[in-house]
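A short worksheet on the structure shown next.
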Amino acid sequence: MTSRYRDNPQALSALVRDAEVHRDVYIDPEIFTLEMERLFANTWVYVGHDSQVPNTGDYFGTTIGAQPVLMVRHEDSTVHVLYNRCPHKGTRITTETCGNTGRFFRCPYHAWSFRTDGSPAALPLPSGYENTPFADSQAAQGMTPVRHVHNYRGFVFARLSVDGPDFATFFGESLSSIDNMVDRSPAGRLEVAGGVLRYMHNCNWKMLVENQTDTCHPMVAHMSSAGTAIELWKRAGSQNPKPMAVEIYAPFMSPYEFFENMGIRTWDNGHGHTGVHHSIHSNYSAVPGYFEQMVAAYGEPRAKAILDENRHNTIYFPNLMVKGPIQLLRLFKPLGPDRTLVESWTFRLVDAPDFLLERTLVYNRLINAPTSVVGHDDLEMYERAQEGLHADGNPWVNLHRLYQPGETALAVDNGTTERQMRNQFRAWARYMAAEI
Amino acid sequence: MIAPADLIAFVYREARLLDEQRFEEWLALFAPDGRYWMPLEYGQTDRRLTASLMDEDLFLLRLRVERLKGNRTYSQKPKSRCHHVLQQPQVDVFDPAANRYVVWTAMHYVESRLDHQDLYAVWATHELTTIDGAIRIQMKRVDLVNCDAAFGSIQLFP
C-alpha cells in the first residue's frame, strides 16, 4: 500500500488550514491508522468510571482508540488499565464485558493467571519452560499494563504512550466541567446508572465530535423531531404541566440568538464547551427537595453557584463529550474511517432524588438512542457527509463561521462560532504531524 | 364477548397496519393511556431508572407518526419500509372479568431503506383490554433478542 502521509508531516499539516480541513481527515484509511497511532496513543483518552468497578477484582472491558483494554480494581483499591490480551497467545482475558475476576485473571485457553495489576501469578506445568529463554520473553512479564492512568474524581483516563503531556497539563481548566457534574451530587460522587445506549454510525468519529458544538444545526436538522413536538404540544392546547418530552425537545428549536448568546469557551489541546452563559438545559423544572439537599451539603451561595452553571456540551479532546447539568457522557469510539460506535452513559448523583436520574434517562432515550428521532436526524446528516466528501469537485470542509485571523486557544466567543471545531483541528494537526 | 381468536386476529391485524404504514389506524388501536415499550436489557422489569430503547406514550407515538410524514424529515427521504413475520400468537392471559388479556408472539421484523436492510428477532407481548367492546392496547412490549447490541437507526415500529 502506498503511503502518502506516514512519513510526510508537511502533507499532514497541509490537511488543516486556519478555517478549512481537507476531506482526507474524514475518509482516508491511512489517516485513520495514523490517528490511532499518534492521536489516540498520545492523548488522555476516557476509559470508564470507577463506579463501574467498585470492588476488588471488578473489571470492565473497553477500547482506547483501536486498542482492547480492561479497567480493573486492584487489591490496593486503585484502578488499573491493562491491555486486554493474554501474553501467551493473545486470547482476550475478560469473559464478560464486565464482571468480577476475584484476585486473579485466569486465561480461559491455557489457565495462565495474573494478578489484577497484570503481574504473572502462575501457569500450569511450569517445568516445560525450564531450560528455555522464557524468563526473558515479554510473556513472562504478564499482562502489559497501560502505564499512565489517572482517576479524576471517578473518571478514569489513560495515555498509551510512554512520553507525553501529564494529565493536568493536557486538560487544564477544562476539568471544571467534570467538577460541576460531580459537585451536583450533595455527596460529591457519581455512579454510572441506567445502562448504556450504543448507536452504530457509518461515519467518521470527528463528525460527531464537531456536532457537539455545532449550534447552527438544531433548528434546521431537528425541525422534523423537535419542531413536530412543539407543534403537537400547541395543537393539544399547551396545557401545563408541560410533558417532560416537550421540556427536553423544545429548546432544540430555539432561535439563532439563543445560541449566539449562550457562548462558546475554548481551551488548549482541543478542549472546549458550549453554554457559557446558559444552555438548552437551563430551564428544566425544579426537582422537589434537591436544592435543599445541595444547600445542606454546600451552603446556599456555593449550591447556587454549582446549579447556576448550565454548560451545554463540553468536549474533552479527542473523543469524549460531557453534559454536566444532566450527568450524561458520550464517547465516540472510532472503529474505522467511516464507522463509529457512540456510547451514551448516564450517572446517578449520589444522595440526590431519583427523579434527576429518571429525567437524565428520558433525555438519553429521546436524544441519543438508536431509536431516537433526534438521533435519526443527526445520523442522516453525518452519513450524507461521509458520502458527499468523496465528490472531487471540492476537497475542503469549511469552518469559517466567525473566524478571526490569529485566534488563540483560550477564548470566550459568540455561541455560533465554529471556533471550537478549529480548536480541535489545531490540536489534531499538532499530534498528527509531530516528528516521531 | 371477546374470544381468544379475536385477540389473535387483533395482533395479526396490528402487524399488517404497520407493514402497510396505516399509522393513523394503528394509533387508534391504543388505549388513551396505552404505551409502546422496547426494553434495553434482556428480561428488563424497570422502566423508570433503567434505560429503554423506546418507552412511548401516545404523545410520543404520535410525534413519530407525524414526523414520518414531515416534509423536512430527511432521514425518511426516501422512506423506510417494514415487514413482520409472526408465529401464531399465544394467549397467555384470558380474563374477561378483569378485562385483561395478554398475548405473546414471536416474530421476525425487517426494516429497510435504500440499499440497507436489517433483520431483528423479536418477542412481542400485548397487554390488551376492551373499551366500548373494542380491543385496545394497554402495553405493547417489544423485546429484541439482541436488545443490548449496538444498532444503527431503527425508525419504524417492530
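Please find, within region A:117-136, the residue that is farthest from A:V45 (Cα to Cα) out of those that are surrounded by 11 or more Cβ atoms within 10 Å (Cβ to Cβ) and without any contact (Cβ under 8 Å) to a residue 40 or more places away in the chain. If you could, list the steps in order and put the result at the bottom.
Narrowing region A:117-136 to residues surrounded by 11 or more Cβ atoms within 10 Å (Cβ to Cβ): A:117-123, A:129, A:134.
Imposing the further condition that a residue be without any contact (Cβ under 8 Å) to a residue 40 or more places away in the chain reduces the set to A:118-123, A:129, A:134.
Numbers: A:G118: 20, A:S119: 24, A:P120: 26, A:A121: 29, A:A122: 32, A:L123: 33, A:Y129: 38, A:F134: 33 Å.
Of everything passing the filter in region A:117-136, A:Y129 is farthest from A:V45 (Cα to Cα).
When the residues of region A:246-263 are filtered to those that are of a type in the set (A, V, I, L, M, F, W, C) and either open to solvent by less than 10 Å² (accessible area, probe 1.4 Å) or more than 14 Å from chain B (Cβ to nearest Cβ) (or both), which remaining residue is nearest to A:W233 (Cα to Cα)? Give the derivation first.
The initial filter retains those residues of region A:246-263 that are of a type in the set (A, V, I, L, M, F, W, C), namely A:246, A:248, A:250, A:252-253, A:258-259, A:262.
Right, trim to either open to solvent by less than 10 Å² (accessible area, probe 1.4 Å) or more than 14 Å from chain B (Cβ to nearest Cβ) (or both) and you get A:246, A:248, A:258-259, A:262.
Numbers: A:V246: 7, A:I248: 12, A:F258: 21, A:F259: 23, A:M262: 25 Å.
Restricting to residues being of a type in the set (A, V, I, L, M, F, W, C) and either open to solvent by less than 10 Å² (accessible area, probe 1.4 Å) or more than 14 Å from chain B (Cβ to nearest Cβ) (or both), the top hit is A:V246.
Of the conditions (1) over 13 Å from the mean Cα position of the chain (by Cα); (2) small (G, A, S); (3) surrounded by 15 or more Cβ atoms within 10 Å (Cβ to Cβ), B:G34 fails just one. Which one is it?
So the condition that B:G34 fails would be (1).
Considering region A:73-97 alone, what residues qualify as being under 23 Å from A:M36 (Cα atoms) and either touching a residue at least 60 places away in the same chain (Cβ under 8 Å) or open to solvent by less than 50 Å² (accessible area, probe 1.4 Å) (or both)?
A:H80, A:V81, A:L82, A:Y83, A:N84, A:C86, A:P87, A:G90, A:T91, A:I93, A:T94 - these are the residues of region A:73-97 that are under 23 Å from A:M36 (Cα atoms) and either touching a residue at least 60 places away in the same chain (Cβ under 8 Å) or open to solvent by less than 50 Å² (accessible area, probe 1.4 Å) (or both).
Here is a check on your reading of the model: is B:V65 more than 13 Å from chain A (Cβ to nearest Cβ), open to solvent by less than 10 Å² (accessible area, probe 1.4 Å) and hydrophobic (A, V, I, L, M, F, W, C)? I'd like the intermediate steps shown before the answer.
On the way: more than 13 Å from chain A (Cβ to nearest Cβ): no; open to solvent by less than 10 Å² (accessible area, probe 1.4 Å): yes; hydrophobic (A, V, I, L, M, F, W, C): yes.
So B:V65 fails the test.
Which residues, taken from region A:243-258, are over 26 Å from the mean Cα position of the chain (by Cα) and charged (D, E, K, R)?
If the condition is that a residue be over 26 Å from the mean Cα position of the chain (by Cα) and charged (D, E, K, R), then A:E257 is the only one that fits.
Could you list all residues from region A:213-228 that are touching a helix residue (DSSP H, G or I) at 6+ places or on another chain (Cβ under 6 Å) and either surrounded by fewer than 24 Cβ atoms within 10 Å (Cβ to Cβ) or closer than 24 Å to A:L402 by Cα (or both)? Can you show your working first?
Keep residues of region A:213-228 that are touching a helix residue (DSSP H, G or I) at 6+ places or on another chain (Cβ under 6 Å), which gives A:213, A:215, A:218-219, A:221-222, A:224-228.
Hits for region A:213-228 are A:T213, A:T215, A:P218, A:M219, A:A221, A:H222, A:G227.
Taking the condition of being under 30 Å from A:E191 (Cβ atoms), not in a strand (DSSP E or B) and not aromatic (F, W, Y), how many residues in region B:4-58 meet it?
Taking region B:4-58 first, the residues under 30 Å from A:E191 (Cβ atoms) are B:35-57.
So of that shortlist, the ones also not in a strand (DSSP E or B) come out as B:40-51, B:57.
Restricting the remaining residues to those that are not aromatic (F, W, Y) gives B:40-41, B:43-51, B:57.
Going through region B:4-58 one residue at a time, the tally reaches 12.
Among the residues of region A:106-116, is any touching a residue at least 24 places away in the same chain (Cβ under 8 Å) and of a type in the set (D, E, K, R)?
yes
Within the set of pairs 6+ apart or on separate chains, which have a first residue in region A:162-178 that is assigned to a loop (DSSP other than H, G, I, E, B), a second that is at pLDDT below 95, and C-beta atoms under 9 Å apart?
From residues that are assigned to a loop (DSSP other than H, G, I, E, B), the pairs are A:V162/A:R147.
Please specify each residue of region A:141-200 satisfying the condition of being of a type in the set (K, R), modelled with pLDDT of 95 or more and surrounded by fewer than 21 Cβ atoms within 10 Å (Cβ to Cβ). Quick ask: steps written out before the conclusion?
The first filter runs over region A:141-200 and keeps only residues of a type in the set (K, R), leaving A:147, A:153, A:159, A:184, A:189, A:198.
From what's left, modelled with pLDDT of 95 or more: A:153, A:159, A:184, A:189, A:198.
A:R153, A:R189, A:R198 - these are the residues of region A:141-200 that are of a type in the set (K, R), modelled with pLDDT of 95 or more and surrounded by fewer than 21 Cβ atoms within 10 Å (Cβ to Cβ).
The values are calculated or read from the model by the stated rules, or taken from the named source; none is laboratory data. All values reported here derive from a predicted model rather than from experimental measurement. Ideal geometry is used to build each Cβ from the backbone, glycine not excepted, and the neighbour counts take in all protein chains shown. Each accessible area value is taken on the protein alone, full model and side chains, heavy atoms only, with ligands, DNA and RNA left out. Shrake-Rupley method; radii C 1.70, N 1.55, O 1.52, S 1.80 Å.
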